[in-house]
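The values are calculated or read from the model by the stated rules, or taken from the named source; none is laboratory data. Quick caveat: nothing in here was measured; it's all calculated off a predicted structure. Note: ideal-geometry Cβ built from the backbone for every residue, glycine included; neighbour counts use all protein chains shown.
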Amino acid sequence: MSEIIVSASDVMRTFMISAGVFRAKRPLHAVNGVTLDIRRGEVLAIVGESGCGKTTLAKLLLGLLPPSGGDIRLDGRPVMTIPRLEMAGLVQPIFQDPYSSLNPRKSVGAIITLPLVVQKDQDPSTWRRRAEEMMALVGLPPRLYNNFPNQLSGGQRQRVAIARALINRPEVVICDEPTSALDVSVQSQILNLLQDLRGELNLTYIIISHNLAVVEHMATRVAVMYLGRIVELAETDQLFKAPKHPYTMALLESVLTPDPSLGIPDTHLGAAYPNPVDPPSGCTFHPRCAQVMAHCSVQAPKRVPVEGGHVECHLFDANLGKEKAIA
Amino acid sequence: MENHILNVRNLTVDIPLPSGMLHAVQGLSFHVDRGETLAIVGESGCGKSLTSLAIMGLLPKKAIRTADLLELAGEDILNATESRMSDIRGSLMGMIFQEPMTSLNPAYTIGNQLIETMRRHRPVSVDEARDRAVFLLEKVGITAARSRLTQYPHQLSGGLRQRVMIAMTLMCGPDLIIADEPTTALDVTIQAQILLLLAELQKEFDMGLILITHDLGVVARVADRVAVMYAGQVVEEGSATQVFGRPTHPYTQGLLDCIPIPGKTERGKHLGSIPGIVPSLVGNLSGCRFADRCQHAMTDCSAADVGFRPASEVGHAYRCLLTPEQSAQNAAKLGAA
């Protein structure tokens, strides 16, 4: 039992994108060199705009996609060598939309016990009892055991999805936008539930979200992704109090807290999100960056270790940072 | 009074279902002034989208709409003919929907669609309409506007598409814009830009804006006045400062307690929650519709219909039996807990 449960080093995932019938396919680097250690019991949040590679990274960590380069280890073992079944017992996902992630033709009981069936669990006589225990744990009345998903509300469906993910007691749960399809009052119930379960079952969460308020509430560490790279990684407090990367700053500014005395923030992120097939040269963020310097468009920034994480920006590179900015 | 661009009194939408009558919207009264933003906020199924469809006359055929008054810029649109309504939509009243990809036609260039919108309503030449389209695309912050006209919706990003939609609603210079979840499908960084743009354009063209959303953060930052809807009724109405500063209805208080706020809610602590689910709106309803989920419910709550009553400040009203003082005490308890 080492402290690091998931370890990714320089992970890449490239998709070949067709540009037309007669044109050569072009590479899209969805995940482009991610190095990340996830500690046992922590809640790591991955934030970023759509298309930044959050979901691809989640699929890589789930072992659903093989990496094109680099190495992902789960408990010290390379993910791609772990048999699929064993992997499913260790890492489980919870998806965004509980309307499409549950089979409408299966009853709640069948959905929750399916992982036990798949894992060829030895003791079928206990399945129903275990499913009902799990339902009670996630706040579903056991009388819903024989109901179908269309008879449930959105919040109840998400609880079914959570129960299904947890019935085999996984080590790591990857929540991909767990509450964005839900109403505000239901969102808070699900977030509270995830918090409680984490303590009770000793889980490690990877939460993928674009809702920074949710991230601030749930996460212990935050990784900010931009065009396939983690541009800043820091403890949550550190990141929210003193963001380093200009992109993180812009993201934090765009959080709309319900305070009518404040206006609409101007994030100064003028240009639209770049086309990931054709990323900008140098630092990929430089066309949108408020603190851009001359060499940003030429040279890609290195990973600079800072307290509790890292940042990828020339501003923090001791050799290239401030002096050049003045010059 | 003349300033009201939209005046709605006692709007009700009923939908007959095999199991009975669904009272989707009940007794809705509000008005929007020029240059004013009214936000209608509520959770799914509260009737906020049906309200906007009812104003635009786009309800499904079987829905029954009644009202004492429905006036746009002094004109009665309750009894207007369908052909008059389709003249009004797009010219006097513009709409922006949540998902720009589904509201733009994928088979036509955006230039085509912008020009057609204007030519449908105004006697202008194609060239004049094209100039107006270029002018508005630049206004909504699209660079190289003239070359964009020949592009198809799929060639644009989500944020750009929503900008095109906004330009399209402005083509005929409407008096009122109804934006139904305009930024829900967009990234947070783009959301701020689109909201800022909407607010600027609204002031510049002196339009009324109805913003329909479930996002309390958006509402607080954008709205002048807020109407909180629950189960087909407005449960609280007032200025943004009043509704967010002194929420008086238990539902509003509960909603505000539900959302995590960076720097305010403590990490890992339980967020507030509203137990239970939204009641079914089918059949005869009486009493407060929130009573089942309300922690301050009394026996009187389910007895008779609960009326709208003024709160302690002018312009602030709510639908609850609790006095403003009692509500303030409850709010203080929530804050302390």
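Do any strands (runs of 3 or more DSSP E) lying entirely in segment A:181-262 carry at least 1 residues that are touching a residue at least 40 places away in the same chain (Cβ under 8 Å), of a type in the set (G, A, S) and buried (at least 23 other Cβ atoms within 10 Å of the Cβ), and which ones are they?
Output list reads A:221-226, A:229-235.
State all residues of segment B:297-331 that are surrounded by fewer than 16 Cβ atoms within 10 Å (Cβ to Cβ) and either assigned to a loop (DSSP other than H, G, I, E, B) or on the phi > 0 side of the Ramachandran plot (or both); if no residue qualifies, say none.
Scanning segment B:297-331 gives B:M298, B:A303, B:A304, B:D305, B:G307, B:F308, B:S312, B:E313, B:V314, B:G315, B:T323.
In segment B:255-275, how many residues are more than 7 Å from chain A (Cβ to nearest Cβ), under 20 Å from B:S44 (Cα atoms) and out of contact with any Gly (no Cβ under 6 Å at 6 or more places or on another chain)?
1
Out of segment A:263-272, which residues are touching a residue at least 12 places away in the same chain (Cβ under 8 Å) and either in contact with a strand residue (DSSP E or B) (Cβ under 9 Å, 6 or more places away or on another chain) or β-branched (V, I, T) (or both)?
Correct list: A:T267 only.
Among the residues that make up segment B:241-255, is at least one of them outside any helix (DSSP H, G or I) and hydrophobic (A, V, I, L, M, F, W, C)?
The initial filter retains those residues of segment B:241-255 that are outside any helix (DSSP H, G or I), namely B:246-249.
Now restrict to residues that are hydrophobic (A, V, I, L, M, F, W, C): none.
Scanning segment B:241-255, I find no residue that is outside any helix (DSSP H, G or I) and hydrophobic (A, V, I, L, M, F, W, C), so the answer is no.
Among the residues of segment B:280-296, write down those that are within 14 Å of chain A (Cβ to nearest Cβ), surrounded by 15 or more Cβ atoms within 10 Å (Cβ to Cβ) and part of a loop (DSSP other than H, G, I, E, B). Even if it seems obvious, please write down each step before you answer.
First, the residues of segment B:280-296 that are within 14 Å of chain A (Cβ to nearest Cβ): B:280, B:290, B:292-295.
Restricting the remaining residues to those that are surrounded by 15 or more Cβ atoms within 10 Å (Cβ to Cβ) gives B:290, B:292-294.
Of everything in segment B:280-296, those that are within 14 Å of chain A (Cβ to nearest Cβ), surrounded by 15 or more Cβ atoms within 10 Å (Cβ to Cβ) and part of a loop (DSSP other than H, G, I, E, B) turn out to be B:F290, B:C294.
Name the single residue, out of those in segment A:1-41 being of a type in the set (D, E, K, R) and either more than 22 Å from A:R77 (Cα to Cα) or buried (at least 21 other Cβ atoms within 10 Å of the Cβ) (or both), that is modelled with the lowest pLDDT.
Here the answer is A:R23.
Here is a list: A:L182, A:L166. Which entry is at pLDDT below 90, within 29 Å of B:P275 (Cβ to Cβ) and among the aliphatic types (A, V, I, L, M)?
Selected residue: A:L182, the only one of A:L182, A:L166 that is at pLDDT below 90, within 29 Å of B:P275 (Cβ to Cβ) and among the aliphatic types (A, V, I, L, M).
List pairs: first in segment B:235-253 and within 12 Å of chain A (Cβ to nearest Cβ) and surrounded by fewer than 24 Cβ atoms within 10 Å (Cβ to Cβ), second assigned to a loop (DSSP other than H, G, I, E, B) and among the aliphatic types (A, V, I, L, M), Cβ under 7 Å, 6+ apart or cross-chain?
So the pair list comes out as B:A240/B:A223.
Looking at segment A:227-279, which of its residues are among the aromatic types (F, W, Y) and facing chain B (nearest Cβ under 7 Å)? Let's see the steps before the verdict.
Narrowing segment A:227-279 to residues among the aromatic types (F, W, Y): A:240, A:247, A:273.
Once the filter is applied, which keeps residues that are among the aromatic types (F, W, Y) and facing chain B (nearest Cβ under 7 Å), segment A:227-279 yields A:F240, A:Y273.
Go through (1) facing chain B (nearest Cβ under 8 Å); (2) under 17 Å from A:Q92 (Cβ atoms) and name the single condition A:H217 misses.
Tallying (1) facing chain B (nearest Cβ under 8 Å); (2) under 17 Å from A:Q92 (Cβ atoms), A:H217 fails exactly one: (2).
Specify the residue that is surrounded by the most Cβ atoms within 10 Å (Cβ to Cβ); the eligible residues are those in segment A:155-180 that are at the interface with chain B (Cβ under 10 Å from one of its Cβ atoms) and under 21 Å from the mean Cα position of the chain (by Cα).
A:G155
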